[in-house]
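The values are calculated or read from the model by the stated rules, or taken from the named source; none is laboratory data. Computed from a prediction, not measured in an experiment: that's the story for all the values here. Counting neighbours? That spans all protein chains shown, and the Cβs are built from the backbone with ideal geometry, glycine included.
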Amino acid sequence: MSPHRPPVGDRFRRFLGRLDGTGRPGEVPAGPGEEFGAGSGPGTPHTAAGGRTPDQPRSTAPVERRRRGGGRRGGGEQLTVPPAEFTSYYGRPVLKPPVWKWDIAAYLFTGGLAAGSSLLAAGGQLTGRPALRRAGRIASLAAVSASAYFLVNDLGRPGRFHHMLRVAKLISPMSVGTWILTAFGPAAGIAAIAEAAPWLPERGVLGLGRRLLPPVGQAAGLVAAATAPALATYTGVLLAGTAVPSWHEAYPELPIIFGGSALASGAGVGLLAAPRDQAGPARRMAVAGAALELWGSHRVEHRLGLLSEPYRTGTPGRLLRAGRVLTAAGVAGALVGRRSRVLSGLSGVALLAASVATRFGIFHGGVASARDPKYTVVPQRERLRRREAERRTVEG
């Protein structure tokens, strides 16, 4: 045994003393390489995890060293990283907000107006109310023409609309909606042109058109009315099929809101353009459409939890509240003002304005939910927690 190295037993006891903090002052550490820690040598103090140096007083608390993973030796779990918040990378949105502009919101309104007006025209046709039928057909043609303009304006080039007709995908709301609009537009146009038949001469080629247009217009009007419910509601399915949080979560309500808004706007046309004695179907449409629209709006503002917040605050909240007030005022005026032509007309204007406010409110609410990352991250975490709880319930 080398005369410079203490006995093995003494070194081992010294090592244990340093581990449990009972090393005595004045003890000389072993030579190079004997203790853990690179670069140790004679006269160099050494510590172990949780121990003291030989010259450290006993009253001094041991130095705590964190283990890899955030815990302490002999202690419980201790987090070294704070819990993650719902903010995204540098506060940027998790989803890209929709690139749609105001023209798509206007397209939502004009499409519903075209559908509701065609249903109004069919009601006037079947019940023998020519003024109601004429107002509905003309409004339907004007609205569907505006819809085509807004859609093409958003696409950028008219040829893109034609390219969308090359395929038909039943699982794509955009593809189905394109075909619905293509079927509805010509039927609504023929029905509206048929209203010009009394202005044609009675003889000659134009006279033949005068005799043929009314029955053809009746058939076209019924075809347009048959496709009107799909035209009124497919835009709600289209929005709900996106990844925008407040649109996607409201998939049961959006078609109902848009369908009710379409009926209310069509009723507004009838109350505004038809005489009092022919406006009965328009009043009934106003009541039915207002009930659906108000029920759906209430649901999206209260059923979705955190995702209802964009529909209650900011510009979307103001628009939807204005839509509710105008809808209620329009229905009340339609029921009370049966004998007042002026009050019926004001009720029609209120219903049309309510439809505009509702469509734009739903549109802007979805855009606002896509811009704020919390509307994406927080609901995802809640769904994960529910699934974990359900899994534990099943396994437990």
Under 7 Å by Cβ, and 6 or more places apart or on different chains, what pairs join a residue from the stretch 375-396 that is surrounded by 11 or more Cβ atoms within 10 Å (Cβ to Cβ) with one that is at pLDDT 90 or above and of a type in the set (S, T, Y)? Y375/S246; Y375/S369
Is at least one residue of the stretch 194-217 under 20 Å from S145 (Cα atoms), in contact with a Leu (Cβ under 7 Å, 6 or more places away or on another chain) and buried (at least 16 other Cβ atoms within 10 Å of the Cβ)? yes
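Determine whether the stretch 165-176 contains at least one residue that is within 30 Å of R134 (Cβ to Cβ) and either touching a residue at least 40 places away in the same chain (Cβ under 8 Å) or surrounded by 11 or more Cβ atoms within 10 Å (Cβ to Cβ) (or both). Spell out the reasoning first.
Initial filter on the stretch 165-176 (within 30 Å of R134 (Cβ to Cβ)): none.
No.
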Residues satisfying the stated conditions in the stretch 164-218, i.e. within 22 Å of L108 (Cβ to Cβ) and in contact with a Gly (Cβ under 7 Å, 6 or more places away or on another chain): P173
Per-region count, the stretch 100-151, residues over 30 Å from the mean Cα position of the chain (by Cα) and surrounded by fewer than 21 Cβ atoms within 10 Å (Cβ to Cβ): 7
Residues of the stretch 302-316 being in a helix (DSSP H, G or I) and over 17 Å from F258 (Cα atoms), which ones? H302, G305, L306, L307, S308, E309, P310, R312, G314, T315
So A168 ticks every box in (1) closer than 30 Å to K96 by Cβ; (2) out of contact with any Ser or Thr (no Cβ under 7 Å at 6 or more places or on another chain); (3) not in a helix (DSSP H, G or I) but one. Which box is left unticked? (2)
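Rundown of residues vs (1) among the basic types (K, R); (2) within 18 Å of L120 (Cβ to Cβ), yes/no style:
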position	(1), (2)
S246	no, no
E249	no, no
A290	no, yes
S308	no, no
R312	yes, no
T327	no, yes
G333	no, yes
G345	no, yes
What is the number of the single condition among (1) surrounded by 22 or more Cβ atoms within 10 Å (Cβ to Cβ); (2) under 18 Å from I104 (Cα atoms) that H248 does not meet? (1)
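Looking for something closer than 24 Å to G333 by Cα and at pLDDT below 95 - is there at least one such residue anywhere in the stretch 304-314? Outline the logic, then answer.
Of the residues in the stretch 304-314, the ones closer than 24 Å to G333 by Cα are none.
Checked the stretch 304-314: no residue is closer than 24 Å to G333 by Cα and at pLDDT below 95.
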